[in-house]
Amino acid sequence: MELLYIWIKDDGKNIKNQGFNFSPRYWFKFDEKTNTLTCEKQKPELADIFKDSNIANVTAIVGENGTGKSNLLDNIIKIHNTDNSFEQIITVFRKQEKCIKIK
């Protein structure tokens, strides 16, 4: 299973109403006003740099100190927990060729 997108309403720290794309194959955008999640499939030649391997995707989280990299990772971990903050997170995974949205 591959994490494609995560949107965080408010993590109580420094991430508010922010979406993060993790896949070169798809581009997601969540509009909180209309409560809609849109997805654009990207050009295949941009996505398949690991064609003949078991690697689906490599993503790096980079930024200056204090920009929220650790907070983002903490929120990704919260996906597997059942605490109250889970309700403020939208996630999209890809399993085989199907996209699965979890809210």
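The values are calculated or read from the model by the stated rules, or taken from the named source; none is laboratory data. These numbers were taken from a predicted model, which means no experiment stands behind them. Virtual Cβ from ideal backbone geometry, glycine too; neighbours counted across all protein chains shown.
Taking segment 3-17 on its own, how many of its residues are surrounded by fewer than 16 Cβ atoms within 10 Å (Cβ to Cβ) and assigned to a strand (DSSP E or B)?
4
For segment 36-66, filtering for residues that are surrounded by 10 or more Cβ atoms within 10 Å (Cβ to Cβ), hydroxyl-bearing (Ser, Thr, Tyr) and either in contact with a Leu (Cβ under 8 Å, 6 or more places away or on another chain) or modelled with pLDDT under 75 (or both) leaves 0. Residue 96 meets the conditions (1) at positive phi; (2) at pLDDT 90 or above in every case but one. The failed one is (2).
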